[in-house]
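K.L.:
Below: one structure in structure tokens.
The values are calculated or read from the model by the stated rules, or taken from the named source; none is laboratory data. Just so it is clear, the structure is predicted and the values come from calculations on it, not from any experiment. Ideal geometry is used to build each Cβ from the backbone, glycine not excepted, and the neighbour counts take in all protein chains shown. To get the accessible areas, we keep the full protein, side chains included, count just its heavy atoms, and leave off ligands, DNA and RNA. Shrake-Rupley method; radii C 1.70, N 1.55, O 1.52, S 1.80 Å.
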Amino acid sequence: VHLVDALEVNDNVLSAIIVNQLEIKKMIKATNMKLEEVNDSINSLDDRVNQKINHMEIDIKNIGSIVNSSCDILLSLVQQKVERRENLVDSRIKYTVCKPFRTNEMSKSLQRIELFVNSSKTFYESQLEELYGDMTRKFERIDESINTISAPINNSLLATFNNFTQDVLSELTFNKTYEFTQKLDKIENQLDMLENLTMAINNKPYGNIQEKSYSTSQLPTTYPPPFLETTNKPFLTFYDLSDGFEIFNRRLIRRTKTTDSKSNYDFAMSFCNQFGAKPFIPRTMKDYRFYKEARRTLDYYQWLPANDRVQEGTLQWYTGEVASDISLWEWAGDEVLHSHSGYDKDCLMYGSCGDPCVHLTGCDDYVSYPPICERILS
């Protein structure tokens with residue numbers, strides 16, 4: 001389930017990335033269109049400049065032709081005057097009249113052309129600088145948009161990858177721990193079966209195997225000897241399995257039954273005395289699970305051997321020992337030391353939340369089943 005959730009989150013992130021990529025592509029397309037418009041504007045400006053230059057060249061040619069025609073007219077007039085006045089020299093008149101006229105007119109035209117070209121150049125340069133500035137600012141905004149879009153995506157991808165890695169590691173650790181617990185439970189069950197089988201074969205309550213004594217003269221002379229007693233201590237001990245007691249997790253316990261009498265908390269804590277036993281205190285995860293399975297077989301609530309009468313908020317076993325592994329209980333509402341509203345909620349009970357759950361309640365509020373019993377082995 002964790003892997004599926006992580007993959008779904010990853011798919012959502014990839015979908016968001018694809019959407020953002022489409023948006024970025026749209027922005028890039030719009031930018032390319034703007035660049036094409038700028039290029040078109042620059043080309044149109046170049047065309048206008050070339051047209052102006054062509055017009056100026058045409059004007060220059062026209063001015064030159066006008067000047068030449070004017071000079072020809074002047075020359076013809078001068079020639080007529082020369083013909084009437086023979087003392088005038090044609091070359092001198094041409095030099096003194098046409099040359100200054102042509103030089104002045106050409107200088108003025110060239111000055112006007114140069115002024116127009118310079119002003120046009122300045123205008124178009126300013127236009128190009130403005131366009132370049134606009135495009136630079138647009139590209140900066142596009143870069144900022146890309147960074148704004150990509151940064152959360154990168155962070156989200158990194159966080160998703162880290163969470164996915166942690167989930168996978170947690171899942172693998174949980175699976176390995178579960179497999180190890182299953183194997184350990186299987187070994188413990190086999191040990192319990194071996195002890196129960198051994199006890200069933202011998203069927204001797206609270207006793208030791210009667211050992212056969214051997215004298216030195218009775219020892220076998222062959223090697224290796226089939227049996228050699230080296231101490232006076234018994235090598236096997238058998239336990240009383242009467243009153244419904246059994247071996248569980250190498251402890252001698254009795255499950256609570258529906259035929260057991262119900263009572264308040266204090267009477268329930270003394271219930272096991274009739275069997276020469278004490279309330280069963282869980283020590284391992286397997287013990288806590290065993291308590292839950294025993295509660296499921298009952299048709300009503302069950303008292304547990306713990307309370308916080310001495311110090312509020314500090315749960316202690318009936319022996320006065322502080323209960324250190326209370327988080328292993330399945331507390332109601334996932335709240336450790338959960339209790340119903342009100343005062344004097346000091347005693348621990350295995351109630352019901354659809355499935356068995358643990359909570360604190362008043363020690364005299366319910367008449368419930370006693371806890372599991374245990375015969376303490378010396």
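K.L.:
Given the options 123, 101, name the one that is in a helix (DSSP H, G or I), surrounded by 12 or more Cβ atoms within 10 Å (Cβ to Cβ) and modelled with pLDDT of 70 or more.
P.N.:
Exactly one residue qualifies, and that residue is 123.
K.L.:
Let me ask something else about it. Please verify whether residue 18 is open to solvent by less than 90 Å² (accessible area, probe 1.4 Å) and part of a helix (DSSP H, G or I), treating the condition exactly as stated.
P.N.:
Against the criterion (open to solvent by less than 90 Å² (accessible area, probe 1.4 Å) and part of a helix (DSSP H, G or I)), residue 18 does not qualify.
K.L.:
Could you figure out which of (1) modelled with pLDDT under 75; (2) closer than 25 Å to residue 247 by Cα isn't true of residue 186?
P.N.:
Only one criterion in (1) modelled with pLDDT under 75; (2) closer than 25 Å to residue 247 by Cα is unmet by residue 186, namely (1).
K.L.:
Would you check which residues across the stretch 56-88 are of a type in the set (Val, Ile, Thr) and either at pLDDT 65 or above or open to solvent by 80 Å² or more (accessible area, probe 1.4 Å) (or both) and list them?
P.N.:
58, 60, 63, 66, 67, 73, 78
K.L.:
Under 30 Å from residue 259 (Cβ atoms), out of contact with any strand residue (DSSP E or B) (no Cβ under 7 Å at 6 or more places or on another chain) and open to solvent by 40 Å² or more (accessible area, probe 1.4 Å) - does that describe any residue in the stretch 305-319?
P.N.:
Yes: the stretch 305-319 contains one or more residues that are under 30 Å from residue 259 (Cβ atoms), out of contact with any strand residue (DSSP E or B) (no Cβ under 7 Å at 6 or more places or on another chain) and open to solvent by 40 Å² or more (accessible area, probe 1.4 Å).
K.L.:
What do you reckon, is residue 247 crowded, with 16+ Cβ neighbours inside 10 Å and in contact (Cβ under 8 Å) with a residue 60 or more places away in the chain?
P.N.:
no
K.L.:
Then there is this: Starting from residues that are assigned to a loop (DSSP other than H, G, I, E, B) and crowded, with 16+ Cβ neighbours inside 10 Å, keep the ones in the stretch 271-291 and report whichever is nearest to the chain's Cα centre (by Cα).
P.N.:
If we take residues in the stretch 271-291 being assigned to a loop (DSSP other than H, G, I, E, B) and crowded, with 16+ Cβ neighbours inside 10 Å, then 282 is nearest to the chain's Cα centre (by Cα).
K.L.:
Just the residues that are outside any loop (DSSP other than H, G, I, E, B) and of a type in the set (Val, Ile, Thr), please, taken from the stretch 245-266.
P.N.:
247, 253, listed by residue number.
K.L.:
Are any residues in the stretch 320-346 surrounded by 12 or more Cβ atoms within 10 Å (Cβ to Cβ), of a type outside the set (Val, Ile, Thr) and either out of contact with any Leu (no Cβ under 6 Å at 6 or more places or on another chain) or in contact (Cβ under 8 Å) with a residue 24 or more places away in the chain (or both), and if so, which ones?
P.N.:
Hits for the stretch 320-346 are 325, 328, 329, 330, 331, 332, 337, 338, 340, 344, 346.
K.L.:
Being open to solvent by less than 80 Å² (accessible area, probe 1.4 Å), at pLDDT below 95 and assigned to a loop (DSSP other than H, G, I, E, B) narrows it down to one residue among 299, 240; which is it?
P.N.:
Going through 299, 240 in turn, the sole match is 240.
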